[in-house]
Amino acid sequence: MDHQSIQRYLQDVLVTDVSIRRWEAVQRLPFHLRDTYDFAELVLFDRLCVLVISDRKLDLDVDIRRQLEVVAGHAPRGAIAIYVVPALASHERRRLIMQGVPFIVPGNQMFLPALGLDLREYFRDRRVDASHHLSPSTQALLFTALLSPWEEDIHPQRLNERFGYTPMTVSRAARELQAAGLAAGFSVGREKWLRFGQSPKQVWQHAQTWLRSPVGKHVWTLPAANPIDEAPLAGLSALAAQSSLAEPVYAERAIYVERWKHMQHHERILHAPHPGATHWQIWRYDPDALAGDGRVDPLSLIVSLRDERDERVQQARAQLEARLPW
């Protein structure tokens, strides 16, 4: 977990300068603790605090309180060991509070009984797990943020202007981004905003394990009466247009699944590729909303080609990623 995001959260909530630095005594700890956690230190209200930072889901079989006691035993007398985790489910939070375990969930909550602090903004749950991905709408809104002029603080509805998702969908997307640790939430009056807290490049890098190809399925058709030139180039066609890669035999274009449902009745669908056919990618979110210059957006394109085995494709993909606007 990024120390800067922890520091920013503490400064915003406590309205005081906070300086987080590496904890030099870490080598004194047992190996299993050094292998599991990252460690840092800071001073809060004249008390030395050692941050025990985890990037993993809370293991209920592990005695966190005992681990913190071991850490505190290797710190100066009176120091507080604090468990830091990106997200907690409600039952995990209750368990830690009942055990008196001090913890911080950056952007969400801090429970520091020794300092008299129990501050909650909202409860972030684990509806998004490391074995899953962002929903298509959440990924689309995240890419909107990354491809637009960067705003560290933004109202989620601002990201929805191109898509027109329902308020419920936008709210769910905001929760997913928080649960994935990609953004933190905060309030402006009665409104809930998002704070990314990092550069767009860092957010993009941290999001990689949460992203999946926008392509739901592939379909080949012969040209029909409906014009297809308006559909953005996708896949190898889009990559070839931006690199020295040769164009594919079948032009690849992207279309939103909802639009495809209406269009497929007018298309001659093929069971296998055929000369003159168009290769359609049926997308989980609307490719038109982020497309430019007749091609799908570069972030979706990069993710959609992640599993291509051709070395030339991966080289061209890497070159495209190196040219991203950050």
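The values are calculated or read from the model by the stated rules, or taken from the named source; none is laboratory data. What you are looking at is a predicted structure, and each value in this text was computed from that prediction instead of being measured. All Cβ positions, even for glycine, are placed from backbone atoms using ideal geometry, and neighbour counts span all protein chains on display.
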Of the residues in segment 58-94, those that are in contact with a Lys or Arg (Cβ under 7 Å, 6 or more places away or on another chain) and in contact (Cβ under 8 Å) with a residue 60 or more places away in the chain number 1
Over segment 15-37, the set of residues farther than 22 Å from Gln4 by Cα and surrounded by fewer than 15 Cβ atoms within 10 Å (Cβ to Cβ) is Gln27, Arg28, Pro30, Phe31, His32
For the condition in contact with a Lys or Arg (Cβ under 9 Å, 6 or more places away or on another chain), farther than 21 Å from Ser148 by Cα and crowded, with 20+ Cβ neighbours inside 10 Å, what is the one hit in Leu305, Leu301, Leu290?
Leu305
What about Leu245, is it modelled with pLDDT of 90 or more and under 26 Å from Ser137 (Cα atoms)?
no
